[in-house]
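Take a look at the structure set out below.
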Amino acid sequence: MYAIEITGLTKKYGSFTAVNNLSLSIPKGMFYGLLGPNGAGKSSTIHCITGLANITQGTIKVLGKDVVTDYQEARKLVGLSQQDIHIDPYFTMDQVLVYQAGYFGIPAGEAKKRAEKLLKQFGVWEKRNEIYRKLSGGMKRKVEIAKALIHKPKILILDEPTAGLDVQTRKDLWEFIREQNKQGLTVILTTHYLEEAEALCEKIGIITEGKLHIEANTQELKKQHKNKKLEEIFLSLTEKKQ
Ligand SMILES: Nc1ncnc2c1ncn2[C@@H]1O[C@H](COP(=O)(O)OP(=O)(O)O)[C@@H](O)[C@H]1O
Ligand SMILES: [Mg+2]
């Protein structure tokens, strides 16, 4: 059984096709990089997996649970850190997490314990009573990821989690996510920092114009391209023919 199994996914917005008959399977425990230029359809695919967008055609299964017919089970299995964060700016870190846990029926006492653990792991515990709008960009992203993990999902999807963050904050996040993956969490990461994908992802899929352009084991792909940097390989693979 796969962590995520996408079969013939099409996502249309009106008459515009954002995802075009995409099939993709991600094994359990994998650290998978979903790459591709802006507008390729990565976030649309992620929104279909997580129920934020309706599927036009095709099926998606999360650990065998269909995201449409078995959506309650499927939702519990996935945690999503969205590209565009939606958090009430006047909530404290603590409140954000306890509130989110409520959606999954986790009682406040238990949620507070989990929030404490996550905020400590992220090194932001001392800021727990700070309201969201006063936090730095890096801390905001950490709260968003902690929020994605509060219900203990089996799969974590990170949609451009490191965009705009400084080098140290990015490295801190890498370490945290890598550790979670080692402990068995399946991770799906979208990023435009290809050195990040190279360092973290066992396998990558490149999406262009709503289709899976190429899928490969990261190290094998590098070997095939004389150990060039992933960035160079990516550009040569996604270059539009004039
Ligand atoms: N809600 C929406 N309504 C209409 N078009 C959308 C919507 N969301 C995304 N799109 C379009 O779908 C395409 C894919 O977008 P998206 O999935 O966000 O790409 P990516 O995450 O790879 O940058 C883009 O052309 C984008 O403008
Ligand atoms: Mg996107």
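Assorted remarks:
- Added length on full extension, which subtracts the Cα-Cα distance from 0.36 nm per residue, residue 15 to residue 131: 37.6 nm
- Placing pseudo-labels 7 Å out from each Cα toward the beta carbon at residue 72 and residue 2 gives an inter-label distance of 2.7 nm.
- Per-residue extension of 0.36 nm, minus the Cα-Cα distance of residue 99 and residue 211, leaves a gain of 36.7 nm for this segment.
- The Cβ shell under 15 Å around residue 29 holds other residues with a net charge of +2, Lys and Arg each +1, Asp and Glu each -1.
- Once the Cβ-Cβ distance of residue 110 and residue 83 is raised to the sixth power relative to R0 = 35 Å, the FRET efficiency obtained is 0.75.
- Kirkwood Rh in Å, taken over all unlike Cα pairs in the chain: 18.5 Å
- Options 21, 139, 199, ranked by Cα towards positive dipole end of the range 4-238, top entry (Cβ charges): 139
- FRET efficiency estimate (nearest 0.05) - Cβ-Cβ, residue 239 to residue 117, R0 41 angstrom: 0.35
- Subset of 76/117; 65/127; 203/226 violating a 29 Å alpha-carbon distance limit: 65/127
- Equivalent ellipsoid semi-axes, the range 173-242, via Cα gyration tensor eigenvalues times 5, rooted, Å: 23, 14, 11
- This model, with +1 at the C-beta of Lys and Arg and -1 at the C-beta of Asp and Glu, gives the chain a dipole about its Cα centre of some 240 debye.
- Residue-count net charge about residue 77 - beta-carbon cut-off 13 Å; Lys, Arg +1, Asp, Glu -1: +3
- Straight-distance candidates among the aspartates and glutamates for linking to residue 61, with alpha-carbon spacing under 20 Å and chain neighbours fewer than 8 residues away dropped: 5, 70, 73, 159, 215.
- Expressed as a whole percent, the accessible surface of the chain that belongs to carbon and sulfur atoms is 47, based on a 1.4 Å probe.
- Which of 234, 91, 16, 31 is most accessible, then next, and so on - probe 1.4 Å: 16, 91, 234, 31
- Residue-averaged 222 nm ellipticity for the chain, from DSSP H runs of 4+ at -39500 (n - 2.57), nearest 500: -11000 deg cm²/dmol
- Choice from 83, 95, 224 with maximal GNM fluctuation in the chain (Cα, 10 Å cutoff): 224
- Given 113/182; 142/223; 12/140, the pairs whose alpha carbons are separated by over 26 Å: 142/223; 12/140
- Once the 1.4 Å probe is applied to the protein heavy atoms, the range 89-162 comes out at 48 Å² accessible per residue.
- Expected-Rg normalisation [2.2 N^0.38 Å, Cα atoms] applied to the range 2-89: 1.07
The values are calculated or read from the model by the stated rules, or taken from the named source; none is laboratory data. From a predicted model like this one, the values you see are computed outputs, not experimental measurements. FYI the Cβ positions are ideal-geometry reconstructions off the backbone, even for glycines, and counts take in every protein chain you see. The area values use the complete protein model at the heavy-atom level, side chains included, leaving out ligands, DNA and RNA. Shrake-Rupley method; radii C 1.70, N 1.55, O 1.52, S 1.80 Å.
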